[in-house]
2 protein chains.
Amino acid sequence: MDNVCGTSRIAGCSFSIYPMADKFKEIILDALNQVDTSKVWMETDDVTTLVRGRIPHVFDVTSAIFLAAAKTDEHIVFNGTYSIGCPGDSTGDVYMAEDETKLNMSNIKDIRLETASKFSLYPLGGGNYMDTIYTQIENMRAQGITVSKSHYSTRLDGNAYDVFAGLEHVFIETEASGSSHTVMTVTMSANSPSAKGAIQ
Amino acid sequence: MDNVCGTSRIAGCSFSIYPMADKFKEIILDALNQVDTSKVWMETDDVTTLVRGRIPHVFDVTSAIFLAAAKTDEHIVFNGTYSIGCPGDSTGDVYMAEDETKLNMSNIKDIRLETASKFSLYPLGGGNYMDTIYTQIENMRAQGITVSKSHYSTRLDGNAYDVFAGLEHVFIETEASGSSHTVMTVTMSANSPSAKGAIQ
Ligand SMILES: [Ca+2]
């Protein structure tokens, strides 16, 4: 809604974890507590959690929180909107001085978790992104992720860590292709009782 | 991801209802069963539900399903991406012949439900939309909705039915302002134990 773009390349994600369980609050708080968030600015309210910082840490923290919640084996959905380039406010800019070493990767890279996701990419600021996206989609397929077309989105079925890695690459490459404002929405579902089929 | 836009003005919403309760599946199915979806094309898989049709019916059906689920008093979150104008595939085009009379409005318009929402509007196809949005925001305030700025989104606190009505107007007016492809993302939370405060 804000028409003014800043120059900071700080990335951010507005996300929520939805545990479909009576003990949802406990699951969310436990997940948040298991993740090292010291390289990102972070704020949680009653609707979403916001993380801001360098791209690798934004993906590291969001994927680690989702995986921590999914370890409970409850049906968990992650919904996030990744954004870079606009509206360009300066909250959290100090975190841009962090290095690129992901703090949570060593804890999560060996976790195998089958997930079903849908993502959409909105390059709002131009750029020559289509070839980039096709290349990244092929890279995801090479990682064993099943890619299919859905209405308004692209569906990804595969291991959570690999899917997040693929999404991070799509986001980085779209930004690198010249889009001054890139938005990517992601819905990822794990431990669903109706996985890969219509709800019965 | 699809760069080809069609000419059909069919609208759609890819959405999910997240009941934070062990009986989430029962709540979702009960809600779906309570709503008249005969004026929209609809398909549910394990990640999202898609509705497509004329704008009034897409909002009527999505808001009615959310309200039906929220009647359980469980903590329920609605997450939806409304889209019009692209990729312009033809699925559900037959529903464009329906009239504008909303089938579920009489059942839901008197329900009072306090909600907290965040929405973002992405006019991907140009258009002169900023004045339109400010006018609609003022209309929402006049309806008793509290409007505030959040990172990457606008926050709305108020009665569910009024908030959905406001969002529908923003969407319609943005499209009318000349945006050839409009996307709006909405996260709406009801019955949250941590409403209007940080999660404790
Ligand atoms: Ca229980």
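The values are calculated or read from the model by the stated rules, or taken from the named source; none is laboratory data. Remember, it's a predicted structure, so these values are computed and weren't measured experimentally. Cβ atoms come from the backbone with ideal geometry, glycine included; neighbour counts cover every protein chain shown. Heavy atoms of the whole protein, side chains included, go into the accessibility calculation; ligands, DNA and RNA do not. Shrake-Rupley method; radii C 1.70, N 1.55, O 1.52, S 1.80 Å.
Could you check, for the range B:162-169, whether at least one of its residues is on the phi < 0 side of the Ramachandran plot, at pLDDT 90 or above and within 13 Å of another protein chain (Cβ to nearest Cβ)? Steps first, answer last, please.
Here is the first cut: in the range B:162-169, the ones on the phi < 0 side of the Ramachandran plot are B:162-169.
From the residues that got through so far, the ones that are at pLDDT 90 or above too are B:162-169.
Filter once more, keeping what is within 13 Å of another protein chain (Cβ to nearest Cβ): B:163, B:167.
Yes, that holds for at least one residue.
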- Top-ranked residue of the range A:137-147 - restricted to ones that are open to solvent by 50 Å² or more (accessible area, probe 1.4 Å) and touching an Asp or Glu at 6+ places or on another chain (Cβ under 9 Å), ranked as nearest to A:Thr115 (Cα to Cα): A:Thr146
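Here's the yes/no breakdown for (1) within 11 Å of chain B (Cβ to nearest Cβ); (2) among the aliphatic types (A, V, I, L, M):
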{"site": "A:His75", "(1), (2)": "yes, no"}
{"site": "A:Met105", "(1), (2)": "no, yes"}
{"site": "A:Leu121", "(1), (2)": "yes, yes"}
{"site": "A:Leu124", "(1), (2)": "yes, yes"}
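Go through A:Ile84, A:Ile55, A:Ile65 for me and flag whichever is open to solvent by less than 10 Å² (accessible area, probe 1.4 Å), within 12 Å of the chain's Cα centre (by Cα) and either at pLDDT below 95 or more than 16 Å from the ligand (Cβ to nearest atom) (or both).
Values: A:Ile84 fails: within 12 Å of the chain's Cα centre (by Cα); A:Ile55 fails: open to solvent by less than 10 Å² (accessible area, probe 1.4 Å).
Of the residues listed, the single one that is open to solvent by less than 10 Å² (accessible area, probe 1.4 Å), within 12 Å of the chain's Cα centre (by Cα) and either at pLDDT below 95 or more than 16 Å from the ligand (Cβ to nearest atom) (or both) is A:Ile65.
When the residues of the range B:16-36 are narrowed to those that are over 22 Å from B:Phe59 (Cα atoms) and among the aliphatic types (A, V, I, L, M), which ends up nearest to the ligand (Cβ to nearest atom)? Working first, answer last.
To start, the set of residues in the range B:16-36 that are over 22 Å from B:Phe59 (Cα atoms) comprises B:20-26.
After this cut, where a residue has to be among the aliphatic types (A, V, I, L, M) as well, the list is B:20-21.
Values: B:Met20: 11, B:Ala21: 7 Å.
The selected residue is B:Ala21.
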- Item | Candidates B:Tyr134, B:Tyr152, filtered to the one that is free of Cβ contacts under 8 Å to residues at least 40 places away in the same chain and crowded, with 20+ Cβ neighbours inside 10 Å | B:Tyr152
- Message: Exactly one condition in (1) in contact with a Gly (Cβ under 7 Å, 6 or more places away or on another chain); (2) in a helix (DSSP H, G or I); (3) among the small types (Gly, Ala, Ser) is false for A:Ala31; which is it?
- Response: (1)
- Going through the range A:18-27 one residue at a time, which ones are crowded, with 16+ Cβ neighbours inside 10 Å and more than 7 Å from every other protein chain (Cβ to nearest Cβ)? A:Ile27
- Hey, can you tell me all the residues within the range A:100-113 that are within 18 Å of A:Asn191 (Cβ to Cβ) and surrounded by 15 or more Cβ atoms within 10 Å (Cβ to Cβ)? A:Ile108, A:Ile111, A:Leu113
- For A:Asp73, all conditions in the list (1) of a type in the set (Asp, Glu); (2) on the phi < 0 side of the Ramachandran plot; (3) open to solvent by 50 Å² or more (accessible area, probe 1.4 Å) hold save one; what is the number of the exception? (2)
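Got a sec? Which of A:Asp162, A:Asp157 is without any contact (Cβ under 8 Å) to a residue 24 or more places away in the chain and among the charged types (D, E, K, R)?
On the way: A:Asp157 fails: without any contact (Cβ under 8 Å) to a residue 24 or more places away in the chain.
Exactly one of A:Asp162, A:Asp157 is without any contact (Cβ under 8 Å) to a residue 24 or more places away in the chain and among the charged types (D, E, K, R), namely A:Asp162.
In the range A:34-49, what residues are within 12 Å of another protein chain (Cβ to nearest Cβ), open to solvent by 20 Å² or more (accessible area, probe 1.4 Å) and part of a loop (DSSP other than H, G, I, E, B)? Outline the logic, then answer.
Filtering the range A:34-49 for residues within 12 Å of another protein chain (Cβ to nearest Cβ) gives A:41-49.
Next, from what is left, pick out any that are open to solvent by 20 Å² or more (accessible area, probe 1.4 Å): A:41-45.
Answer for the range A:34-49, where residues must be within 12 Å of another protein chain (Cβ to nearest Cβ), open to solvent by 20 Å² or more (accessible area, probe 1.4 Å) and part of a loop (DSSP other than H, G, I, E, B): just A:Asp45.
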